[in-house]
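The values are calculated or read from the model by the stated rules, or taken from the named source; none is laboratory data. Small disclaimer: the values here were computed from a predicted structure and weren't measured. Note: ideal-geometry Cβ built from the backbone for every residue, glycine included; neighbour counts use all protein chains shown. With ligands, DNA and RNA removed, areas are computed over all heavy atoms of the protein, side chains included. Shrake-Rupley method; radii C 1.70, N 1.55, O 1.52, S 1.80 Å.
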Amino acid sequence: VETQDLAGRRVVVSAGGTREAIDPVRFIGNRSSGRQGVALARAAAARGADVTLVAANLAQDVTDQVVSGPRACSVVRVESTAELREAVRSAGADADVVVMAAAVADFRPAVTPDAKIKKVPGQGPAPIELVENPDILAELAHERLRPDQVVVGFAAETGDASGSVLEHGRAKARRKGADLIAVNAVGSGRGFGTDSNEVTLLDGAGDVVGQASGSKREVADALWDAVAKLLP
Ligand code: C5P
């Protein structure tokens, strides 16, 4: 039997990946499957929480996992970053915990024409001008919709010449101001689209407060263990 340490708690989890319209038929998107976010929602529900899943472009069979059964989550479907932001902020207004597990587009096309962009014979492609999206996690962390709300983010990193996965994660933790950041290494078959994950949990100062690896459900439970310790 699952511990009921989240009983009576309201939690919001965003999952999936946002899509930014280029025109009515095309978009800029990403490869997030939403599986880690869905695992987080299910784990929280199993531990007694009242869960709202903000689902960005999740496949139907993925959403089906959370909408049925005695531990059903509320699901709000969204497409763009603007929609995700509205849904998270509205559901988050009275939430004890908000977990941003969605892969949010950093940029969106500056304009979205009402008609499909046509290929003009003899002319090259028209450039797409991008503008920056709001950082929803940083906003939530810095504003605090509720003073005692626990705000959690993810950081999918690759190591590069300017630093290791963990160094990038640390810098992100400090910049975002969230209470917890789950850092995972992506690339070469890890993280995206797979059924397992490996994360290091950092606090807002960038210090390591935990480690988890295994199925996305196991990682989800380790994250809720860390969140439970922060709840008043
Ligand atoms: O900066 P980066 O995209 O790597 O940060 C990842 C974390 O920030 C995730 O928790 C993601 O949900 C969140 N994020 C956000 N709004 C953005 C970009 C990322 O909330 N515009």
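Numbers below:
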{"quantity": "Some residue of the range 73-91 being more than 24 Å from Glu143 (Cβ to Cβ) and among the polar types (S, T, N, Q)", "calculated": "no"}
{"quantity": "Count of the range 46-93 residues which are assigned to a helix (DSSP H, G or I) and among the hydrophobic types (A, V, I, L, M, F, W, C)", "calculated": "9"}
{"quantity": "Close pairs from the range 201-227: first of a type in the set (Lys, Arg), partner part of a strand (DSSP E or B), Cβ under 6 Å, at least 6 apart", "calculated": "Lys216/Asn197"}
{"quantity": "Verdict on Gly177 being touching a Ser or Thr at 6+ places or on another chain (Cβ under 6 Å) and either on the phi > 0 side of the Ramachandran plot or away from the ligand (no atom under 12 Å from the Cβ) (or both)", "calculated": "no"}
{"quantity": "Hits in the range 3-16 (condition: open to solvent by 10 Å² or more (accessible area, probe 1.4 Å) and part of a strand (DSSP E or B))", "calculated": "Arg10"}
{"quantity": "Counted residues, the range 26-44 - those being assigned to a loop (DSSP other than H, G, I, E, B) and surrounded by 22 or more Cβ atoms within 10 Å (Cβ to Cβ)", "calculated": "2"}
{"quantity": "Residue pairs meeting the criteria (Cβ under 8 Å; at least 6 apart or on separate chains; first without any contact (Cβ under 8 Å) to a residue 40 or more places away in the chain, in the range 127-140; second near the ligand (Cβ under 6 Å from one of its atoms) and not small (Gly, Ala, Ser))", "calculated": "Glu132/Asp106"}
{"quantity": "Residue ID - nearest to the ligand (Cβ to nearest atom), chosen from residues in the range 109-121 that are assigned to a loop (DSSP other than H, G, I, E, B) and in contact (Cβ under 8 Å) with a residue 60 or more places away in the chain", "calculated": "Thr112"}
{"quantity": "Candidates Leu140, Leu145 - the one that is more than 12 Å from the ligand (Cβ to nearest atom), of a type outside the set (Phe, Trp, Tyr) and closer than 21 Å to Asp94 by Cα", "calculated": "Leu145"}
{"quantity": "Members of the range 75-108 that are among the hydrophobic types (A, V, I, L, M, F, W, C), within 12 Å of the ligand (Cβ to nearest atom) and farther than 18 Å from Asn133 by Cα", "calculated": "Val98, Val99"}
{"quantity": "Answer residue from the range 148-165, given it is in contact (Cβ under 8 Å) with a residue 40 or more places away in the chain and more than 14 Å from the ligand (Cβ to nearest atom) and is nearest to Arg19 (Cα to Cα) among those", "calculated": "Gln149"}
{"quantity": "Hey, Val98 of a type in the set (A, V, I, L, M), under 17 Å from Gly177 (Cα atoms) and either in a strand (DSSP E or B) or in contact with a Leu (Cβ under 6 Å, 6 or more places away or on another chain) (or both) or not", "calculated": "yes"}
{"quantity": "Of the criteria (1) open to solvent by 70 Å² or more (accessible area, probe 1.4 Å); (2) more than 14 Å from the ligand (Cβ to nearest atom); (3) without any contact (Cβ under 8 Å) to a residue 60 or more places away in the chain; (4) not β-branched (Val, Ile, Thr), which one Gly124 fails", "calculated": "(1)"}
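Quick grid of which residues meet (1) open to solvent by less than 10 Å² (accessible area, probe 1.4 Å); (2) within 15 Å of the chain's Cα centre (by Cα):
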site	(1), (2)
Ala46	no, no
Asp50	no, no
Leu53	yes, yes
Ala56	yes, yes
Gln65	no, no
Ser68	no, no
Val78	no, yes
Ala95	yes, no
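This table checks each residue for (1) under 18 Å from the mean Cα position of the chain (by Cα); (2) under 26 Å from Arg26 (Cα atoms); (3) surrounded by fewer than 14 Cβ atoms within 10 Å (Cβ to Cβ).
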| residue | (1), (2), (3) |
| --- | --- |
| Glu132 | yes, yes, yes |
| Ala141 | yes, no, no |
| Gln149 | yes, no, no |
| Gly153 | yes, no, no |
| Gly177 | yes, no, no |
| Asp195 | yes, no, yes |
| Glu198 | yes, no, no |
